[in-house]
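Below is one structure, written out as structure tokens; the observations come after it.
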Amino acid sequence: MIDTSNLLYYHIMKVKDNIFVVGSIALDSLETINGNSDDLIGGSATYFALAAAQFSPVKVIGIVGEDFPKQGWDILNSKNIFCENILSKPGKTFRWGGRYSDDYSTRDTLFTDLGVFEDYVPAEIVDNKNTSILFLANIHPDLQLNVLNQYDVKPNIVAMDTMNLWIDLCVDEVWKVISTSDIFLLNDEEAIQLTNQSNINDAGKMLLDKGPSHVIIKKGAHGSVLIENSSTIEIPVYPDIKIMDPTGAGDSYAGGLLGYINNNGISSIADAMVYASAIASYTVSEFGTKNLINLNFSEIEKRVEVIRSLI
Ligand code: AMP
């Protein structure tokens, strides 16, 4: 019998369980009714990694500029997050600015400065042999494809996200990524924009026909819905929280979802959505990554119980 208390065995098992994510690593400037904040450490890969690291080791693929602050590296060097696939290049880190409406239901992009992302070509991915899950976080679809094409052996699960910008600018490439994905996460507006359907159930069904076996449509304060061929499952949000900054809600939702699936298998996806929803509820109740950095697992479990009681 294998002695699982043996540390080497544990290490090898964990290495085989790696989640990889490619996405943005950013400095965000935000305007909200509850205050403004500049140069917050953000980006789709950052939020994802902090959430997924609650469950599994996460390897981040991305790029920062020479202005990326030590505080950012401290966050990216958190427990369970690995940075050997992050390039640091002369130039500016990706910057994004957003302004939220007073009820947080809509967001305007104020600026997107690509900085070092403009000419980014991912280097050969270090140590990608044993990837269980690859998450193609919100970033230009050509970059998502570049990373996916580096895999000789397809990861067990390829999951993806995108945003309205890429649907506007390069929808054909977005469809290419969708066709390679097993799990597609997107929000309700993006689902309607992408499919031209009039409701999200029809949009989800159409997306299922394009490749993914699971489509998860996020509906902000109205929860999320899983659309599979045979069923549809609705998961609510954690109720009655004061929203401070919704940035990263979707990415941390994806991190919680895929971290949980990495440990419990794809058949646990509905339960994974509950964990994802609990983690996202912490993200939105503080600015930037503040709550995610300090989050411990017992706090997540408490909110999981509440969300379960609402299903
Ligand atoms: P979310 O609130 O889940 O949509 O994700 C917010 C994060 O996405 C922010 O931290 C931004 O830095 C990042 N972001 C915004 N626009 C882009 C973009 N065009 N490409 C990649 N990341 C972006």
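The values are calculated or read from the model by the stated rules, or taken from the named source; none is laboratory data. Since this is a predicted model, take the numbers as computed values, not measurements. FYI the Cβ positions are ideal-geometry reconstructions off the backbone, even for glycines, and counts take in every protein chain you see. The accessibility values were calculated without ligands, DNA or RNA, using every heavy atom of the protein model including side chains. Shrake-Rupley method; radii C 1.70, N 1.55, O 1.52, S 1.80 Å.
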Open item on the list: Give me the one-decimal nm value for the distance between modelled label points at residue 196 and residue 171, 7 Å along each residue's Cα-to-Cβ direction.
Closed with: 0.7 nm
- [ ] Show that you can apply the helix-only estimate: for the chain, add -39,500 (n - 2.57) for every DSSP H stretch of four or more residues, divide by all residues, and state [θ] at 222 nm to the nearest 500.
- [x] -11000 deg cm²/dmol
Open item on the list: For residue 102, project a label point 7 Å along Cα to C-beta. Then give me every residue of segment 21-39 with its amide nitrogen under 17 Å of that point.
Closed with: 31-36
Task: For segment 251-299, the Rg and Dmax computed from alpha carbons only, in angstrom - done: 10.8, 33
- [ ] Determine the dipole magnitude for the chain: charges of +1 sit on the beta-carbon of Lys and Arg, -1 on that of Asp and Glu, nothing else is charged, the reference point is the Cα centre, and the result goes in debye to the nearest 20.
- [x] 700 debye
- [ ] Sticking to Cα atoms, compute the Rg of the chain to one decimal and its Dmax as the biggest Cα-Cα distance, whole number, in Å.
- [x] 18.2, 59
- [ ] Once you have a ≥ b ≥ c as the square roots of the Cα gyration tensor eigenvalues for segment 162-311, tell me rounded if a/c is under 1.5, and otherwise prolate or oblate according to whether a/b is larger than b/c.
- [x] prolate
TODO: Could you please state, rounded to a whole Å, how far the C-alpha centre of segment 275-311 is from the C-alpha centre of segment 36-98?
DONE: 20 Å
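Considering only the other residues whose Cβ falls under 14 Å of the Cβ of residue 102, what net charge follows from Lys and Arg at +1 and Asp and Glu at -1?
Values: positive: 99, 107, 242; negative: 31, 103, 108, 245.
Around residue 102, the charge tally is -1.
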- [ ] Please work out the C-alpha center-to-center distance from segment 168-218 to segment 236-258 and express it in whole Å.
- [x] 20 Å
TODO: State, to one decimal in nm, how far the label point of residue 31 lies from the label point of residue 118, with both points 7 Å from Cα in the Cβ direction.
DONE: 2.5 nm
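Within the chain, which whole H helices from DSSP have a Cα span along their axis of at least 24 Å and a mean Kyte-Doolittle hydropathy of -0.5 or more, if any? Before the final figure, lay out the partial values.
Numbers: long enough: none.
None pass (Cα extent of 24 Å or more, hydropathy at least -0.5).
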TODO: For the chain, with all protein chains present and a 1.4 Å probe, just round the carbon and sulfur fraction of the accessible area to a whole percent.
DONE: 50 percent
